[in-house]
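Working notes, beginning with the structure itself.
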Amino acid sequence: LLQVTQGCTHNRCKFCTMYKDVRFKPHPMNIIEKDLQELTSIASDAKTIQLLSANPLVMTYNRFRPILEKINEYLPEIEYIYTQTRVSDLRNKSVEELESLKELGLREISLGVESGDDWTLKRINKGYTSKDIIEQCQKLTDAGIDFWMSFLNGVSGREHSHEHAVNSAEIFSQCRPMLVGTGGLTLFPGTPL
């Protein structure tokens, strides 16, 4: 695990408290490099690494690429870099930039989309639409980067659960992720939902 950011840039999903009191900020390169030095001392032959926190790919290509280059410098055996991000974070990346990141080891991305249903996405304030999901996932497909998506049962309430499921299945099928993970909604105190 290598933390390259803290918090979430969006931090406005109506069901989430994970980063409620954490302000988003990218870690400075000197801190990342110190962490890589420590990783090298305990796992110099590491083949896989996960970048944390909520959405590291919000960083511009010019800020993110040097992190992958440093990982490869300190951990030359690395084969597989994994991270999670928001669909909206991919808007600032071209297919060519994503291909370049793949060449440096970025192999898989987890997208916490929760739904492919526009009514539900608006209800929970995800900050994007089903059309955005399709467009941004196509960029990942074109770049050859594997991705998986989350589906959150219960997030649309009883009145809209059928549409949430059917419309999500339709959008996810168009995107063709390697995996769709599912979970159940837990309502935490202090969330708008």
Tell me, what is the per residue accessible area of the chain in Å², probe radius 1.4 Å?
51
Around PHE15, what is the net charge, scoring Lys/Arg as +1 and Asp/Glu as -1 over all other residues with Cβ under 12 Å from its Cβ?
+4
Can you check what the Kirkwood hydrodynamic radius comes to for segment 31-73, Cα pairs only, in Å to one decimal?
11.3
Quote the relative contact order of the chain in percent (integer), defining contacts as alpha-carbon pairs under 8 Å separated by 6+ residues.
21
Note the angle between two axes, namely the Cα long axis of helix 29-43 and the longest principal axis of the Cα atoms of the chain, as a number of degrees from 0 to 90, rounded to the nearest 10.
80
With θ taken as phi - 60° and the coefficients 6.51, -1.76 and 1.60, list the Karplus ³J(HN,Hα) couplings across segment 56-69 in order, rounded to whole Hz; mark glycine and proline as x.
x, 6, 5, 4, 5, 3, 5, 8, 7, 4, x, 5, 5, 5
So in the chain, which Cys have no other cysteine's beta-carbon sitting under 4.7 angstrom from theirs?
CYS8
Counting only protein heavy atoms and using a 1.4 Å probe, what share of the accessible area of segment 58-138 belongs to carbon plus sulfur, as a whole percent?
45
Separation between Cα centres of segment 141-161 and segment 5-73, rounded to whole Å:
23
From the phi of every residue in segment 78-93, what ³J(HN,Hα) in whole Hz does the Karplus formula 6.51 cos²θ - 1.76 cosθ + 1.60 yield, where θ is phi - 60° and glycine or proline is x?
4, 10, 9, 10, 10, 8, 10, 6, 9, 3, 5, 5, 7, 4, 8, 10
Over 18 Å between alpha carbons, listed pairs LYS14/LYS126; LYS70/LYS93; LYS47/LYS139; LYS34/LYS70; LYS14/LYS131:
LYS70/LYS93; LYS47/LYS139; LYS14/LYS131
When the C-alpha atoms of segment 66-191 are aligned to their principal axes, what extent does each axis show, in angstrom, from largest down?
52, 31, 22
Once every Cα of segment 138-188 carries one equal point scatterer and solvent is ignored, give the base-10 log of I(q)/I(0) from the Debye formula at q = 0.32 Å⁻¹, two decimals.
-1.22
Among THR85, ILE134, SER156, the residue whose Cα sits farthest towards the positive end of the charge dipole of the chain (+1 at Cβ of Lys and Arg, -1 at Cβ of Asp and Glu, taken about the Cα centre) is SER156
Rg/Rh (Cα only; Kirkwood hydrodynamic radius) as it applies to segment 2-159
0.99
Just add up the charged neighbours of MET29: K/R +1, D/E -1, any other residue whose Cβ is under 11 Å from the Cβ of MET29.
0
Kirkwood hydrodynamic radius of segment 89-146 from all distinct Cα pairs, in Å?
12.1
Which three extents, in whole angstrom, do the alpha-carbon atoms of segment 27-105 cover along their principal axes, largest first?
36, 23, 18
What does the charge count near ASP132 come to, summing +1 for each Lys or Arg and -1 for each Asp or Glu among other residues with Cβ under 14 Å from its Cβ?
+2
Placed amide H near GLU108: partners under 5 Å, 5+ positions off or other chain
ILE81, THR83
Rg ratio (alpha-carbon, reference 2.2 N^0.38 Å) - segment 1-46:
1.50
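The values are calculated or read from the model by the stated rules, or taken from the named source; none is laboratory data. No experiment lies behind these values; they were computed from the predicted model shown. In this analysis, Cβ positions are derived from the backbone assuming ideal geometry, glycine residues included, and neighbour counts consider all displayed protein chains. Keep in mind that these areas ignore ligands, DNA and RNA; they rest on the heavy atoms of the full protein, side chains included. Shrake-Rupley method; radii C 1.70, N 1.55, O 1.52, S 1.80 Å.
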